[in-house]
1. Simple spin-label model, 7 Å along Cα-to-Cβ: residue 8 to residue 96 in nm?
2. Where in the range 5-30 is the amide nitrogen less than 20 Å from a point lying 7 Å along the Cα-to-Cβ axis of residue 76?
3. As an exercise, take the mean of 1/r over every pair of distinct alpha carbons in the range 61-108, invert it, and state the Kirkwood radius in angstroms.
4. Would you calculate the separation in nanometres between label points at residue 66 and residue 15, each defined as 7 Å from the Cα along the Cα-to-beta-carbon direction?
5. Counting other beta carbons within 10 Å of each Cβ, put 61, 40 in order, fewest first.
6. With each run of n ≥ 4 DSSP H residues scored as -39500 (n - 2.57), what mean residue ellipticity at 222 nm is computed for the chain after dividing by its residue count and rounding to the nearest 500 deg cm²/dmol?
7. Please state the relative contact order of the chain as a whole percent: Cα pairs under 8 Å, 6+ residues apart?
8. On average, how much area does the Cα convex hull of the chain cover when viewed from any direction, in nm²?
């Protein structure tokens, strides 16, 4: 597993992000600042990776649950419950935070 820290230079395949995809997780205001996402599932083979320097890292934690009016019984991020926790290192795992689930690590590069 890759361990990231500020100052690291990494090579990632970056795809333009649609901020609306992140509204439910981090809220629309924070989502507007998300320009790219890392493609790490191999779905964009043939794209050249970009070298970027990590400036800062955060962990995103939010509550998950069935949304009001939902009939599909699928847990989804509950709007307006996100907490961003700045961290000095990230490896894709996070310490448990009571009452919320880990959603990912936004990186400023």
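1. In this crude spin-label approximation the distance works out to 2.5 nm.
2. In the range 5-30, the label zone of residue 76 (backbone N under 20 Å from the point 7 Å along Cα→Cβ) covers 18-30.
3. On the way: mean 1/r = 0.0826 Å⁻¹.
When all Cα pairs of the range 61-108 are included, the Kirkwood radius is 12.1 Å.
4. Modelled inter-label distance: 3.1 nm.
5. Details: 61 22, 40 11.
Lowest to highest Cβ neighbour count: 40, 61.
6. When only DSSP H runs of four or more count, the value is -1000 deg cm²/dmol.
7. Working: 208 pairs, mean separation 37.1, N = 109.
Over the chain, the number comes to 34 percent.
8. 7.8
Throughout, read-outs are computed from the coordinates displayed, never taken from laboratory work. What you are looking at is a predicted structure, and each value in this text was computed from that prediction instead of being measured. Here Cβ is always computed from backbone atoms with ideal geometry, including for glycine, and neighbour counts include all displayed protein chains.
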